[in-house]
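Rule-based calculations on the coordinates, nothing more; no lab input. Keep in mind it's a predicted model, so treat the numbers as computed, not measured. Methodologically, a virtual Cβ is constructed for each residue, glycine included, from the backbone with ideal geometry; neighbour enumeration extends over all protein chains shown.
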């Protein structure tokens, strides 16, 4: 492994109307808890000044603009995140963390946990909240599977729809050879890519297939499909003792319980049982080490 590689690059899509203080807090959480060589890539999907202002005020933080932003939350976001992942590879990281802007890092060097897992499980290319949630529940892929079936039908389609269907069909065909379950994915809020997975996604052009722009699938659903089309697996990284503590909406557990269980990345800090985003961010910020340049 080249000695020049940094430990982690963290890709954060930002848009369409970010709150500057909240975005800065998320980036500070990364820079405070991750390795000293960690780099942040803000994917500016906001068409506004906030990402650039945050990057200018903090060390080791870059901005990647998205032409035609904002991209929405589906196929367009998948392509926008792909721009960020390509920029992240240029930084030569050992692993990449894709992080939502309403997530925060809450414990030391979660990227080291991910790297150890990838080293022990080379067949896994993506880690996150996959089949089992942080609370032990089973995640469902039913909606994504239904949407995927809808978008791969060829009847009565416009030309863009036909292009989308054919692009998805090729990916599904490749993924099915490796045991893909339609719709399987890890929640996009916090997902780690191995370097091997990142390289394969980029080198095979899977992150910039413009035919996916009109998809109604989430960017995490499309990412799961792309990763499985490579023959790589997705791994559970949310059940104890793993470090991810995320839910689709709001925090999955009380903040103090997440920390007590050793969760190093949490989502979403927008809410938890009456607590608002500012309050939750203040709770985690008070427990992080000071930021150093």
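Rounded to whole Å, the principal axis extents of the Cα atoms in segment 1-105 read 37, 27, 20, largest first.
What order do you get for 94-100, 13-19, 65-71 when each peptide is scored by the mean count of other beta carbon atoms within 10 Å, highest first? Before the final figure, lay out the partial values.
Details: 94-100: 24.7, 13-19: 19.6, 65-71: 16.6.
Per-residue mean Cβ counts within 10 Å order the peptides as 94-100, 13-19, 65-71.
What list do you get for 279, 191, 26 if you sort them by fewest beta carbons within 10 Å?
Working: 279 13, 191 29, 26 26.
By the 10 Å Cβ count, ascending: 279, 26, 191.
As a rough footprinting exposure proxy, the listed residues 263, 270 were ranked by other beta carbons within 10 Å of their own, and the order from fewest upward is 270, 263. Counting only DSSP beta bridges with both residues in the chain, the antiparallel share comes to about 35 percent.
In the chain, the DSSP-assigned H stretches of four residues or longer account for a calculated mean residue ellipticity at 222 nm of -11500 deg cm²/dmol, using -39500 (n - 2.57) per stretch and the full residue count as denominator. For the peptides 33-41, 103-111, 282-290, the ranking by mean Cβ contacts within 10 Å, running from highest to lowest, is 103-111, 33-41, 282-290.
If one takes the longest principal axis of the Cα atoms in the chain, at what angle in degrees, from 0 to 90 and to the nearest 10, does the Cα axis of helix 159-176 lie? Approximately 80 degrees, to the nearest 10. Normalised by the number of residues in segment 143-293, the average gap of Cα pairs under 8 Å and 6 or more apart makes the relative contact order 21 percent. Our summary gives the chain a relative contact order of 24 percent, counting only alpha carbon pairs under 8 angstrom and 6 or more residues apart. Here segment 238-293 and segment 126-165 have alpha carbon centers that stand 28 Å from each other. Consider the candidate values [x] 0.95; [y] 1.27; [z] 0.97; state which one is Rg/Rh (Cα atoms, Kirkwood Rh) computed from the structure displayed. Given [x] 0.95; [y] 1.27; [z] 0.97, the structure-derived one carries the label [x]. Peptide packing: for 81-88, 239-246, the average count of neighbouring Cβ atoms within 10 Å per residue gives the ranking 81-88, 239-246, highest mean first. For segment 29-55 versus segment 204-231, the inter-centroid distance based on Cα atoms is 24 Å.
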